[in-house]
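The values are calculated or read from the model by the stated rules, or taken from the named source; none is laboratory data. These figures come from a predicted structure and were not determined experimentally. Here Cβ is always computed from backbone atoms with ideal geometry, including for glycine, and neighbour counts include all displayed protein chains. These area figures cover heavy atoms from the full protein model, side chains too; ligands, DNA and RNA do not enter into them. Shrake-Rupley method; radii C 1.70, N 1.55, O 1.52, S 1.80 Å.
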Amino acid sequence: MLEKTFCATCIGIDAVTVTVELDLSAGVGLHLVGLPDSAVRESLLRVMTALGSYGFRIPGKKVVVNLAPADIRKEGTGYDLAIAVGLLAVSEQISVPAIKDFILVGELALDGTLRAVPGALPIAVHAAASGFRGCIFPRQSALEAADITDVEVYGAGSLADVIDILSGAPSAGKMVVTPTSGDSVRSIDPGRDFKFVKGQQLAKRGLEIAAAGGHNLLMIGAPGSGKTFMASCLPSILPPMTRAESVETSKIYSIAGIGSVGGLMRERPFRSPHHSASLPSIIGGGPRAAPGEISLAHNGVLYLDEVVHFSRTLLDSLRQPVEDGKVTIARARCKVEYPSSFMLIASMNPCPCGYAGDGTDRCTCSRTAVENYRNRLSGPMMDRLDMHIFVKEVDAEDLVGEELEESSEKIAARVAAARRIQEERFLRDGIYTNSQMSTDLIRRHCIATEEQKKFLKAVIRRLNLSARSYNRILKLARTIADLEGSADISLQHISEAVQFRNLDRLADND
């Protein structure tokens, strides 16, 4: 006798259906095949004990459980529920005709209760696209997929609840998770507001431009000049994510096991790993090729404080994800791709002691020490940072002044207006911001006049700019024009964009 149930597993941010085939025949034994890992092989003991706690019996015959397709390695504990329900169905202890209409995912405790598993959101999205009627998850996992309305999402507390859902019991309706409110209520820390940033007009202007166009930015300044605080204020001026961005980002968090129990994420992520973090934790990897910080920052901000203290290997490994907006993690049996389109915001001191170029005699570093310190960021990595800003110490008059500066709310309104312009511009191009423009899109949307071309030629020769740096200047100019609501890029916009390439100009002065 053959019975089938359906489960799912995640490869990258997408899910694939796993068919759990159970065959009952003459003989003795319970066999699990289909490339399971140790956690999946142990599921048989958990399943048998859980079934026994409800008074069900284990079939006294030969049972073969096959997890198909057999060429995909099965990892984790989410297969328990599908195997348990399949055993009950194949041994005719329950009759659930709707069993083929649902994807079943969950870990069974020994008493038959369900424990949360990662990946509920991408599995629910996959179930809707594949024509399944619904998904059954542990209650906490189901809440991650509450906003997916194209498929019925049930949150069960135990194996008994799952049987009630599959048999159409009246209590099943109470276990359907409902969408959260669509109101986008901001959860930004009110203390992280640009109105509390004293002075620093140039740095705040740079962060506004970066937020408007999704540009990468490096802040260089003495200790205590406010670099970290300004970076932490950046989420307060970023617009909420679109529905598509929210789904994609929430999928990554769901796979990582840190999904939001309130449904889809509304705010853009802000990730700030410590400089001692390992390469797999930043880029992604490990035994299960899990997403790293660069993917958890997708559609948001990755902030690297004291960036030169991160290992050179780690920083150079960021180059391709920053450029491509995705990262590929290769393993012996699989290759997983995660999106990683984020704003890279980095900060550093100007020298080892931190006081070079502040106009005082406090700096004790030699010229060679300063150059070696700054060279910890490679040239190719510097090319990928659109903006370089020197952050000076706050003037005493600004510091003791009691008046608040321009609030994040006002800055956010200008950023949102610029983002709307870009949304309309790139409606058919599959991108959201100016920073994501390809060379072809730059040629189409960053048209320079003869006068501007002459100016740019002089800048390229003087600063010895690479082609990548040149393109980033044009992208910056396009964003500055968008902030002013200008359809055309002016010479003033280009000139301001060049001013934000401080390290290029510093190299020229050297």
Burial-style ranking of 85-94, 369-378, average other-beta-carbon count within 10 Å with highest first, yields 85-94, 369-378
Excluding ligands, DNA and RNA, the carbon-plus-sulfur percentage of the accessible area of segment 1-126 with a 1.4 Å probe reads 55 percent
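Ignoring ligands, DNA and RNA, what percent of the 1.4 Å accessible area of segment 358-462 is carbon and sulfur?
With neighbouring chains kept in place, the figure for segment 358-462 is 49 percent.
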Farthest towards the positive end of the dipole of segment 130-284, among Phe270, Met219, Ile136 and with Cβ unit charges of +1 on Lys and Arg and -1 on Asp and Glu, lies the Cα of Met219
Classified through the alpha carbon gyration tensor (a ≥ b ≥ c as square roots of its eigenvalues; rounded if a/c is under 1.5, else prolate when a/b is larger than b/c, else oblate), segment 1-83 comes out prolate
Along principal axes, largest first, the alpha-carbon spread of segment 204-343 in whole Å comes out as 48, 36, 25
Here segment 26-37 yields Karplus 3J(HN,Hα) values (6.51, -1.76, 1.60; θ = phi - 60°; whole Hz; Gly and Pro given as x) of 5, x, 9, x, 10, 10, 10, 10, x, 6, x, 8
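Can you tell me how segment 352-403 classifies by the Cα gyration tensor, rounded, prolate or oblate, using a/c under 1.5 as the rounded cut?
Numbers: a/c = 4.42, a/b = 1.48, b/c = 2.99.
It is oblate, given that a/c is not under 1.5 and a/b is not larger than b/c.
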Cα-based Rg then Dmax for the chain, in Å, read 27.4, 89
Restricting to Cα pairs under 8 Å and 6 or more apart, the percent relative contact order of the chain works out to 13 percent
For segment 201-311, the accessible surface attributable to carbon and sulfur atoms (probe 1.4 angstrom, ligands and nucleic acids excluded) amounts in percent to 60 percent
Descending packing, highest mean Cβ count within 10 Å first, for 119-128, 478-487 is 119-128, 478-487
With x for Gly and Pro, the residue-by-residue ³J(HN,Hα) of segment 101-117, computed from phi through the Karplus equation 6.51 cos²θ - 1.76 cosθ + 1.60 at θ = phi - 60° and given in whole Hz, is 8, 10, 9, 10, 9, x, 9, 9, 7, 5, 8, x, 7, 9, 10, 5, 10
Taking every other residue with Cβ under 10 Å from the Cβ of Gly76 and scoring Lys and Arg +1, Asp and Glu -1, one gets -2
Filtered hits (aspartates and glutamates, Cα-Cα < 14 Å from Lys392, offset >= 8 within chain) -> Asp358
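Mind running the shape call on segment 210-286? Use the C-alpha gyration tensor, a ≥ b ≥ c as the square roots of the eigenvalues: rounded below 1.5 for a/c, prolate if a/b tops b/c, oblate otherwise.
Taking the square roots of the gyration eigenvalues as a ≥ b ≥ c, segment 210-286 is oblate.
Which of the peptides 245-252, 280-287 is most tightly packed, and how do the rest follow, going by the mean number of other Cβ atoms within 10 Å of each residue? Show your work: numbers first, answer last.
Working: 245-252: 23.4, 280-287: 18.0.
Per-residue Cβ counts within 10 Å, averaged per peptide and sorted highest first, yield 245-252, 280-287.
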Percent antiparallel among DSSP beta bridges confined to the chain, nearest 5, equals 50 percent
Magnitude of the Cβ-charge dipole (Lys and Arg +1, Asp and Glu -1) of segment 331-469 about the Cα centre, nearest 20 debye, reported as 1340 debye
Mean accessible area per residue over the chain (1.4 angstrom probe, all protein chains present, square angstrom) is 44 Å²
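Averaging sequence separations of C-alpha pairs under 8 Å and six or more residues apart, then dividing by the length of segment 274-422, give the relative contact order as a whole percent.
On the way: 166 pairs, mean separation 29.0, N = 149.
Taking the mean separation of contacting Cα pairs over the length of segment 274-422, I get 19 percent.
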Answer check: segment 250-330, Cα atoms, Kirkwood Rh, Rg/Rh ratio of 0.96
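Can you compute the charge dipole magnitude of the chain about its Cα centre, using +1 on each Lys and Arg Cβ and -1 on each Asp and Glu Cβ, nothing else charged? Give it in debye, rounded to the nearest 20.
Working: 57 positive and 60 negative charges, 236 e Å.
For the chain, the charge dipole is close to 1140 debye.
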If amide H atoms are modeled at 1.01 Å from N in the peptide plane, then the residues at a separation of 5 or more from Leu32, or on another chain, having amide H under 5 Å from its own are Val65
Checked against a 25 Å limit on the C-alpha separation, the offending pairs among Lys62/Lys100; Lys4/Lys61; Lys74/Lys251; Lys453/Lys475; Lys74/Lys174 are Lys74/Lys174
Expected vector for segment 262-277, Karplus 3J(HN,Hα) from phi with 6.51, -1.76, 1.60 and θ = phi - 60°, integer Hz, x for Gly and Pro, equals x, x, 5, 5, 9, 8, 5, x, 10, 10, 9, x, 6, 5, 8, 4
Between the alpha carbon centres of segment 324-372 and segment 415-443 the gap in Å comes to 26 Å
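Run the helix sum for the chain: -39,500 (n - 2.57) per DSSP H stretch of 4+ residues, divided by residue count, reported at 222 nm to the nearest 500 deg cm²/dmol. Walk me through the numbers before you get to the answer.
On the way: 22 runs with 197 residues, N = 510.
Calculated mean residue ellipticity at 222 nm is -11000 deg cm²/dmol.
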Sorted by chain and then number, the residues having a modelled amide H within less than 5 Å of the amide H of Phe270, at least 5 places away or on another chain, are Val301
Each label sits 7 Å from Cα toward the beta-carbon; between Asp150 and Lys457 the label points are separated, in nm, by 5.2 nm
Ordered by number, the trypsin sites (Lys or Arg not before Pro) in segment 130-228 that occupy a DSSP loop and have at most 10 other Cβ atoms within 10 Å are none
